[in-house]
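Worksheet: one structure, shown below.
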Amino acid sequence: MFPERDSLHSCFPFPGVSSGGELLAKHRLLVRPARSEVSPFCTELTGLTQADVDQGLPFTEACRALAAKHHTGLIPWASWGDYDRNQFTRQCRHTGTQYPFNHRHTNVKAAFTTSYGLRRRPGMTRALAVAGLPLEGRHHRGDDDAWNIAALVLNLVGRKDWPIG
């Protein structure tokens, strides 16, 4: 499952953020991989097991559920780097699934690098340290990473450096 190029995502994580700029809640939607199994490396990295993802939804169904619950087609979205955006685009094209997101995407890693005047784009844990924020949860577990990325977005908003577009 990870890090194979054509493997399916195992988790669609979404942090809840209020209009007042505070983190509210996590939401995780597990996807049942169609072409791969969870490796021991992936389990060690994320804590997810084959039994966990076996309880997940097929990719197309998960995309529909995601769009219905979070109205993802109507709002801009962000990720740490472009990997997730590119992977979703490929997977949707490959499976004939309607892309569940708005096409307005922000690469948080690029925005963070610009805001802090860094010469190189940092990993998420380094960015949290630069911003003076704690790493919450388990790094590489989708819902925890999304939570931490949302904290970095709120940090950029607070610095008035979040790109509006």
Practice prompt. Report, largest value first, the span of the C-alpha coordinates of the range 67-140 along each principal axis, in whole Å.
Written response: 40, 26, 21
Discussion item. Quick check: with the 1.4 Å probe, what order do LYS26, LYS69, LYS160 take by accessible area, largest first?
Written reply: LYS160, LYS69, LYS26
Practice prompt. Would you mind estimating how fast the range 18-97 diffuses translationally, via Stokes-Einstein at 10 °C and 1.306 mPa s with the Kirkwood radius over Cα pairs, in µm²/s?
Written response: 109 µm²/s
Worksheet entry | Computed [θ] at 222 nm, helices only, for the chain once each DSSP H run of length n ≥ 4 contributes -39500 (n - 2.57) | -12500 deg cm²/dmol
Worksheet item: Where does helix 59-70 land angle-wise versus the long Cα axis of the chain, in degrees 0 to 90, nearest 10?
Response: 40 degrees
Discussion item. Suppose a student asked you for the relative contact order of the chain, using Cα pairs under 8 Å spaced at least 6 residues apart; what percent would you report?
Written reply: 23 percent
Item to complete: Express in whole angstrom the spacing between the alpha-carbon centres of the range 37-92 and the range 117-165.
Response: 19 Å
Discussion item. Given all pairs of different Cα atoms, what value in angstroms does the Kirkwood hydrodynamic radius of the range 116-165 take?
Written reply: 11.4 Å
Worksheet entry | Solvent-accessible area per residue for the chain (1.4 angstrom probe, square angstrom) | 56 Å²
Worksheet item: Of the accessible area of the chain, with the probe set at 1.4 angstrom, what percent is carbon plus sulfur?
Response: 52 percent
Worksheet item: Using modelled amide H (1.01 Å from N, peptide plane; none on Pro or chain starts), what sits under 5 Å from the amide H of LYS26, excluding residues fewer than 5 places away?
Response: GLY16
Practice prompt. Quick one: angle between helix 142-158 and the longest Cα principal axis of the chain, in degrees between 0 and 90, rounded to 10, please.
Written response: 20 degrees
Worksheet, complete the sentence: The value for the chain (convex hull of the alpha-carbon atoms, volume per residue, Å³) is 118 Å³
Discussion item. Using the basic label-point model (7 angstrom from Cα toward the beta carbon), what is the PHE41 to LEU135 distance in nanometres?
Written reply: 1.9 nm
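The values are calculated or read from the model by the stated rules, or taken from the named source; none is laboratory data. Remember, it's a predicted structure, so these values are computed and weren't measured experimentally. Don't worry about glycine lacking a Cβ; one is built from the backbone with ideal geometry, like all the others, and counts go over all protein chains shown. Surface areas here come from the heavy atoms of the whole protein model, side chains and all, with no ligands, DNA or RNA. Shrake-Rupley method; radii C 1.70, N 1.55, O 1.52, S 1.80 Å.
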